[in-house]
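Just so you know, all these numbers are worked out from the coordinates, no wet-lab data involved. If you're wondering where the values come from, they're calculated on a predicted model, not measured in any experiment. Here the Cβ positions follow ideal geometry from the backbone for every residue, glycine too, while neighbour counts run over all protein chains shown.
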Amino acid sequence: MRVLVNGAGDERSAEGTELDLDALDLRSPARVPADRPWVMANMVTSLDGAYALEQRSAGLSSDADRQLFHRLRGAADAILVAAGTARTERYRRPSTAPELLERRRSQGMSPHPRLVLVSASLRLPADLPLLEGDDLPTPLVLHPASSDTSVLPPGIEPRTVGDEQLDLRAALSGLRADGVEVLLCEGGPHLLGQLHHLDLIDELFLTISAHLVGGPRVGLLGGIEETARPYDLYRLLRAEQMLLATYRRQR
Ligand SMILES: NC(=O)c1ccc[n+]([C@@H]2O[C@H](COP(=O)([O-])OP(=O)(O)OC[C@H]3O[C@@H](n4cnc5c(N)ncnc54)[C@H](OP(=O)(O)O)[C@@H]3O)[C@@H](O)[C@H]2O)c1
């Protein structure tokens, strides 16, 4: 592991064999806005901007990226994911690794983050793993009032936010009212694009995987209307052939 940049104003270069996940400054009450959670997004991309290989992100990932994935989950009160990704990636209820449980407890957090989906169709296959796991928090699905709730399988709690369309801003303020201070969005690109459009991404963790991929699944924001927003490069780590970058929104 090579640290290229670590935190604002702390530029250094250091060699080490381990990814020092303890050094990541992931939770800070001072950063949390009053009306919504602090929103972190975590994505992996190829060198040419592809977000999936054979429709899934696993082929772009690595050990270091997976370690970061689990540590980010460990710092989050809830994990936001779009129904498309939950279906494609066969999402489960998040379960904190035993070594991270004490850290959560000492920070006054619940043992496991809650999974929060967004969907309009509410069509989730009955064999989707996230529908099971009674010892873990029941997932929540955010949907507009126009959704047909009769198709929703058991094992997930519905919440209406918005009429014809899901109101993402109101959804986030509802999560804040639930006590969610740090929300981790795991995509996919169509959801991330909407959050970007509303300027709701505070921190982006971007793993750059040393592959050229091509194909149609390119662009982390799902091809939305162009809106440029400046971010600061906050941290840059190198783990073998991968770059793990953290960007914070300039406010
Ligand atoms: N590289 C990475 O880090 C990464 C991360 C995540 C995902 N991925 C990949 O990305 C692909 C999936 O991404 P995607 O962009 O095609 O789809 P997506 O954003 O994961 O899911 C789209 C679906 O989410 C629901 N949705 C999104 N926004 C909504 C809104 N405002 N209101 C209501 N429902 C909303 C809808 O579900 P309904 O159809 O149920 O209405 C919609 O069809 C997969 O191949 C996955 O492997 C890659």
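Over the C-alpha atoms of the chain, what are the Rg and the largest Cα-to-Cα span, Dmax, in Å?
Here Rg and the maximum Cα pair distance are 17.8, 56 Å.
Over the C-alpha atoms of the range 157-229, what are the Rg and the largest Cα-to-Cα span, Dmax, in Å?
14.6, 43
Of 151, 21, 190, which is farthest towards the positive pole of the chain's charge dipole, taken about the Cα centre with +1 and -1 on the beta-carbons of Lys, Arg and Asp, Glu respectively?
21
How much of the DSSP bridge set in the chain is antiparallel, in percent, rounded to the nearest 5?
The antiparallel proportion sits near 45 percent.
If you rank 246, 88 by fewest surrounding Cβ atoms within 10 Å, what's the result?
Listed from fewest to most nearby Cβ atoms, that is 88, 246.
Helix 63-75 versus the longest principal axis of the chain: what angle, 0 to 90°, nearest 10, using Cα atoms?
Between helix and principal axis, roughly 60 degrees.
When the dipole is taken about the Cα centre of the range 113-251, and only Lys, Arg (+1) and Asp, Glu (-1) are charged at their Cβ, what size is it in debye, to the nearest 20?
For the range 113-251, the charge dipole is close to 540 debye.
For the chain, with only Lys/Arg (+1) and Asp/Glu (-1) charged at the beta-carbon, what is the dipole magnitude about the Cα centre, in debye rounded to 20?
The calculation lands at about 120 debye.
Among the GluC sites (Glu not before Pro) in the range 191-251, which ones are in a DSSP loop with at most 14 other Cβ atoms within 10 Å of the Cβ? Mind listing them?
Passing sites in the range 191-251 are 225, 226, 240.
Report Rg(Cα)/(2.2 N^0.38 Å) for the range 212-251, keeping two decimals.
1.51
Just to check I understand the Karplus step: with θ = phi - 60° and J = 6.51 cos²θ - 1.76 cosθ + 1.60, what whole-Hz values come out for the range 175-185, glycine and proline as x?
So the J values, rounded to whole Hz, are 5, 4, 5, 6, x, 7, 9, 10, 10, 9, 9.
For the range 20-165, what D do you get in µm² per second when you plug the Kirkwood radius from alpha-carbon pairs into Stokes-Einstein at 25 °C and 0.890 mPa s?
D, rounded to a whole number, is 145 µm²/s.
What order do you get for 96, 149, 207, 160 when you list them from fewest to most C-beta neighbours inside 10 Å?
149, 160, 96, 207
How big, on average over all directions, is the shadow cast by the Cα convex hull of the range 40-89, in nm²?
It is 3.9 nm².
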